[in-house]
Amino acid sequence: MVQGKESEAEARLYRCTRTVAAALTHVLCIAFTVFLVFLSRPGSSLFSWHPFLMSLAFSFLMTEAILLFSSHGSPIRKFAHKTKGRIHWALQGLCVTCAVGGLAAIAYNKHLNDKPHFTSWHGLLGLITVCVVGLQSLAAAPLIYHSLAKGWSLAKLKRYHAASGLVTYLLGCSSLLLGLCSTWFTGSVSSYIWYLSALCPALSALVIMDQVSRTYTAKKRLQS
Ligand code: HEM
């Protein structure tokens, strides 16, 4: 009896912690994007579009596209799953568009300044991230047009989509973190602001990892 009460209290504490963590992630991913808008002042130069569009794509759009499925932190928790799916596609479509735009801006800026391409870890991982997010979106087509993947169950497709989506998200967070190590960013902010900025992709990565892994381990437990 006492043990039952204890585990109930424990479960409530976990739920509460996850709700707070998800709410904090919403705040941080919006704050990070707004901060980069102020810092880069999009439109002030060709380069300025790069940090702006990339933070919009990977800090705001992709985080929100995944968080909307969270049972603790979704702003549209009560909506039908199908509606959530549609909003997810729209946000992911915008994410890919911004990522391609951000890549085009930095690549063209380097071309105009006669600088070599993809020479830093950030540039290299960034390029891989943009290719992977594009592939991930294409590979998601069978979830809508199931006839494209004959012989694959929808449950299996969803599991692969979630697992590869998590890898893509972690690539995005790593590229953001490496972007924060660029001389442009480190030269523009104090070390205190740098650590606060780095906290945003780091914390979001932990919360999203927890959300995706828990959803799929729970489903597996129900299936077995
Ligand atoms: C996930 C998000 C991001 C991706 C996928 C990404 C991708 C890239 C790529 C592919 C390049 C190399 C382009 C070339 O060599 O032609 C690059 C360069 C650059 N990025 Fe990003 N970026 C991201 C976020 C950021 C952020 C948030 C900042 C600033 C805070 C930033 C700052 C820079 C700078 C200064 C360069 C030029 C120097 C270098 O090549 O390392 N990036 N980025």
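For (1) surrounded by fewer than 15 Cβ atoms within 10 Å (Cβ to Cβ); (2) away from the ligand (no atom under 16 Å from the Cβ); (3) more than 18 Å from D210 (Cβ to Cβ); (4) not acidic (D, E), each residue gets a yes or a no:
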{"residue": "Y14", "(1), (2), (3), (4)": "yes, yes, no, yes"}
{"residue": "T17", "(1), (2), (3), (4)": "yes, yes, no, yes"}
{"residue": "A22", "(1), (2), (3), (4)": "no, yes, no, yes"}
{"residue": "V27", "(1), (2), (3), (4)": "yes, yes, no, yes"}
{"residue": "S55", "(1), (2), (3), (4)": "no, no, yes, yes"}
{"residue": "K84", "(1), (2), (3), (4)": "no, yes, yes, yes"}
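Within the stretch 110-123, does at least one residue satisfy the condition of being touching a residue at least 60 places away in the same chain (Cβ under 8 Å), within 16 Å of the ligand (Cβ to nearest atom), among the hydrophobic types (A, V, I, L, M, F, W, C) and in a helix (DSSP H, G or I)? Give the steps one after another, and end with the answer.
In the first step, residues of the stretch 110-123 are kept if they are touching a residue at least 60 places away in the same chain (Cβ under 8 Å); the result is 112, 120, 122.
Still in the list and also within 16 Å of the ligand (Cβ to nearest atom): 112, 120, 122.
Now restrict to residues that are among the hydrophobic types (A, V, I, L, M, F, W, C): 112.
Pick out the ones that are also in a helix (DSSP H, G or I) and you get 112.
Looking through the stretch 110-123, at least one residue is touching a residue at least 60 places away in the same chain (Cβ under 8 Å), within 16 Å of the ligand (Cβ to nearest atom), among the hydrophobic types (A, V, I, L, M, F, W, C) and in a helix (DSSP H, G or I).
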- Can you pull out the residues in the stretch 1-54 that are more than 24 Å from the chain's Cα centre (by Cα) and either of a type in the set (F, W, Y) or under 23 Å from L206 (Cα atoms) (or both)? E10, A11, R12, L13
- In the stretch 1-58, the residues that are charged (D, E, K, R) and more than 30 Å from N113 (Cα to Cα): K5, E6, E8, E10, R12, R15, R18
- Query: Within the bounds of the stretch 122-142, is there any residue that is more than 22 Å from the chain's Cα centre (by Cα) and surrounded by fewer than 16 Cβ atoms within 10 Å (Cβ to Cβ)?
  - Reply: no
- Task: Run down K150, K110 and say which single residue is more than 23 Å from Y169 (Cα to Cα) and surrounded by 17 or more Cβ atoms within 10 Å (Cβ to Cβ).
- Result: K110
- Query: From the list A198, A202, A218, which residue is at pLDDT below 95 and surrounded by fewer than 18 Cβ atoms within 10 Å (Cβ to Cβ)?
  - Reply: A218
- Do we find that S70 is surrounded by 17 or more Cβ atoms within 10 Å (Cβ to Cβ) and either over 24 Å from L143 (Cβ atoms) or of a type in the set (V, I, T) (or both) in this structure? no
- Query: Any residue in the stretch 92-107 that is in contact (Cβ under 8 Å) with a residue 60 or more places away in the chain, over 30 Å from C16 (Cβ atoms) and more than 20 Å from the chain's Cα centre (by Cα)?
  - Reply: no
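The values are calculated or read from the model by the stated rules, or taken from the named source; none is laboratory data. Everything numeric here is computed off the predicted structure, so don't read it as measured data. Positions of Cβ are backbone-derived with ideal geometry, glycine not excepted, and every protein chain shown enters the neighbour counts.
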